[in-house]
1. Out of L195, L202, L209, which single residue is under 18 Å from T51 (Cβ atoms), within 10 Å of the ligand (Cβ to nearest atom) and at pLDDT 95 or above?
2. When the residues of the range 380-426 are filtered to those that are among the basic types (K, R) and under 20 Å from A218 (Cβ atoms), which remaining residue is surrounded by the most Cβ atoms within 10 Å (Cβ to Cβ)?
3. Tell me, which residue of the range 156-168 that is in a loop (DSSP other than H, G, I, E, B) and surrounded by fewer than 18 Cβ atoms within 10 Å (Cβ to Cβ) is farthest from the ligand (Cβ to nearest atom)?
4. Taking C267 as the residue in question, decide whether it is within 16 Å of the ligand (Cβ to nearest atom), within 30 Å of E59 (Cβ to Cβ), touching a Lys or Arg at 6+ places or on another chain (Cβ under 9 Å) and not assigned by TED's automatic domain parsing to the domain that holds E135.
5. Go through the range 39-64 residue by residue and tally those that are farther than 14 Å from G98 by Cβ and either at pLDDT below 95 or not in a helix (DSSP H, G or I) (or both).
6. Might you check whether a residue that is more than 13 Å from the ligand (Cβ to nearest atom), touching a helix residue (DSSP H, G or I) at 6+ places or on another chain (Cβ under 6 Å) and without any contact (Cβ under 8 Å) to a residue 40 or more places away in the chain occurs anywhere in the range 104-113?
7. Identify the single condition in (1) within 16 Å of the ligand (Cβ to nearest atom); (2) under 24 Å from D312 (Cβ atoms); (3) not in a loop (DSSP other than H, G, I, E, B) that A24 does not satisfy, given that it satisfies every other one.
Amino acid sequence: MAPTSFDVVVIGGGPGGYVAAIRASQMGLKTAVIDRDRLGGICLNWGCIPTKALLKNAELYDHLKHGAEWGIECDNIRFDFGKIVNRSRRVADKMASGVDFLMKKNKVTPIYGQAKIIAPGKVRVAAPEGNRDIEGKHIIIATGARPRTIPGVQFDSERIISSKEAMFLGECPKTMVVIGAGAIGIEFAYFYAVLGTKVTVLEAQDSILPVEDREVSAVVQKSMKHRGVDIHTGAFVEGVKKTKKGVEVTFKKGKDGKPQSIEADKCLMAIGVQGNIENVGLEQVGIATERSSIKVDRDYKTNVEGFYAIGDVIGPPWLAHVASAEGVICVEAIAGHKPHALDYSNIPGCTYCQPQVASVGLTEEKCKEQKLDYKVGKFPFRASGKAVATGDPDGMVKIIFGAKYHEILGAHIVGAEATEMIGELGLAKSLEATLEDIHGTVHAHPTLSESMMEAAAAAAGIAIHI
Ligand code: NAD
């Protein structure tokens with residue numbers, strides 16, 4: 001008989017849930033993870049991973065189109081959209097089977113079905129083969145989030161789509177309106193623009209990637225415009241309706257602006273997410289929520305004894321790596337360890353368009369808002385031998401240091417491999433490294449990462465290559 005009683009029961013097998021389950025099992029806790037779908041969550045099945053596969057295709061296609069500039073003549077370059085989509089699906093399948101393997105290896109019991117809390121310590125799992133009641137001394141809710149839409153506008157999976165449908169359209173659309181210029185909007189705008197779709201981006205804030213440093217957003221905006229993407233900032237979308245063949249999106253530029261509209265084949269809604277707090281049975285035991293998120297303390301305990309929540313369902317920052325980190329801390333605390341609280345001021349954020357964007361800590365705008373005394377060091381990739389040699393001269397490293405102690409307040413990279421490089425500055429920040437530490441660390445030449453050393457030197461006025 002399959003076991004029905006566990007030390008830890010995790011509801012939701014995304015990067016928050018399955019990581020929490022593995023860590024719990026590593027510490028000797030008898031653990032189950034429940035999911036209504038394949039393990040891996042949005043990240044692995046419909047988010048981070050398959051989109052990275054699609055974006056790699058776009059990059060490759062873009063390179064081939066510009067082959068002549070590299071002395072490589074390619075005629076008749078074209079793509080097969082179906083095969084691009086299939087490759088991305090295969091990547092997701094492969095990684096999902098990897099999670100199944102990890103469950104076995106770590107002796108975590110996967111249970112498939114729709115889970116609902118029915119009483120303290122009790123979860124009912126509804127599956128086609130019937131209901132099953134599971135007991136857990138500790139129950140972790142890791143049910144994630146789903147795309148939000150504009151009031152009155154519904155996703156139809158065909159023309160008014162979310163990031164999920166944008167990943168497996170039947171054909172490459174001729175025209176697309178992307179609402180929202182956050183990470184999802186900009187990644188898909190880049191992907192489709194490279195493949196030849198006429199993309200229009202509508203963003204309510206006054207810059208694209210509004211959470212990023214303004215100088216960084218400006219670099220991406222310039223590059224996107226160069227690719228032929230129409231970008232409207234300060235454009236608040238009020239409605240989307242279906243037309244005979246496509247969609248019509250209505251927006252206003254500024255509060256008193258005149259309503260304008262654009263027609264397109266598809267409308268990708270990328271205006272953020274909301275927590276999956278419905279149908280989990282939170283009300284059965286009285287778990288407190290706020291807006292669309294579950295309220296928790298620093299160890300991810302809810303207001304009800306024995307229940308915890310982690311990941312997207314507890315609110316921003318809605319990032320896979322944050323969910324995983326929260327999952328580990330949550331179960332270590334359950335196991336009686338005393339884990340450090342997560343430092344939310346040191347979370348990297350990445351956007352995988354080209355040029356890529358990666359950052360950690362405060363933007364310059366935030367430093368100003370907080371009236372901090374700071375100094376900035378910048379190094380443009382056009383001054384990096386490696387970047388020029390590899391054909392990636394766009395972008396820069398910008399590091400913001402405290403004026404007095406030279407600690408890192410924020411670090412921002414826009415350019416090739418930015419998402420790989422930010423790890424160094426995240427580590428430096430968490431170790432409280434200073435301008436002098438980064439500058440004093442010999443970086444290999446020629447590398448893009450030298451630019452971080454040069455940016456630190458620039459903050460002290462002693463950069464060599466600019
Ligand atoms: P987001 O919140 O990052 O961006 C949504 C954007 O939509 C905002 O800039 C907002 O100003 C704009 N917006 C909202 N309402 C609007 C309206 N009516 N008209 C015009 N613009 C409007 O959300 P997202 O891009 O959908 O991503 C969801 C979450 O997933 C985010 O937290 C994001 O960080 C995370 N994510 C991260 C990555 C990554 O790290 N590469 C990738 C995908 C998603």
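The values are calculated or read from the model by the stated rules, or taken from the named source; none is laboratory data. Given the structure is predicted, the values throughout are model-derived calculations rather than measurements. Methodologically, a virtual Cβ is constructed for each residue, glycine included, from the backbone with ideal geometry; neighbour enumeration extends over all protein chains shown.
1. So the residue among L195, L202, L209 that is under 18 Å from T51 (Cβ atoms), within 10 Å of the ligand (Cβ to nearest atom) and at pLDDT 95 or above is L209.
2. Looking at the filtered set, the residue picked out is K398.
3. Among those that are in a loop (DSSP other than H, G, I, E, B) and surrounded by fewer than 18 Cβ atoms within 10 Å (Cβ to Cβ), it is E158.
4. On the way: within 16 Å of the ligand (Cβ to nearest atom): yes; within 30 Å of E59 (Cβ to Cβ): yes; touching a Lys or Arg at 6+ places or on another chain (Cβ under 9 Å): yes; not assigned by TED's automatic domain parsing to the domain that holds E135: yes.
Judged against the criteria, C267 is a match.
5. The number of residues fulfilling the criteria is 1.
6. Scanning the range 104-113, I find no residue that is more than 13 Å from the ligand (Cβ to nearest atom), touching a helix residue (DSSP H, G or I) at 6+ places or on another chain (Cβ under 6 Å) and without any contact (Cβ under 8 Å) to a residue 40 or more places away in the chain, so the answer is no.
7. Only one criterion is unmet by A24, namely (1).
Conditions (1) within 21 Å of N276 (Cα to Cα); (2) in contact with a Cys (Cβ under 8 Å, 6 or more places away or on another chain); (3) surrounded by fewer than 19 Cβ atoms within 10 Å (Cβ to Cβ), marked per residue:
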site	(1), (2), (3)
G47	yes, no, no
A58	no, no, no
H63	no, no, yes
S88	no, no, no
Q114	yes, no, yes
A127	yes, no, yes
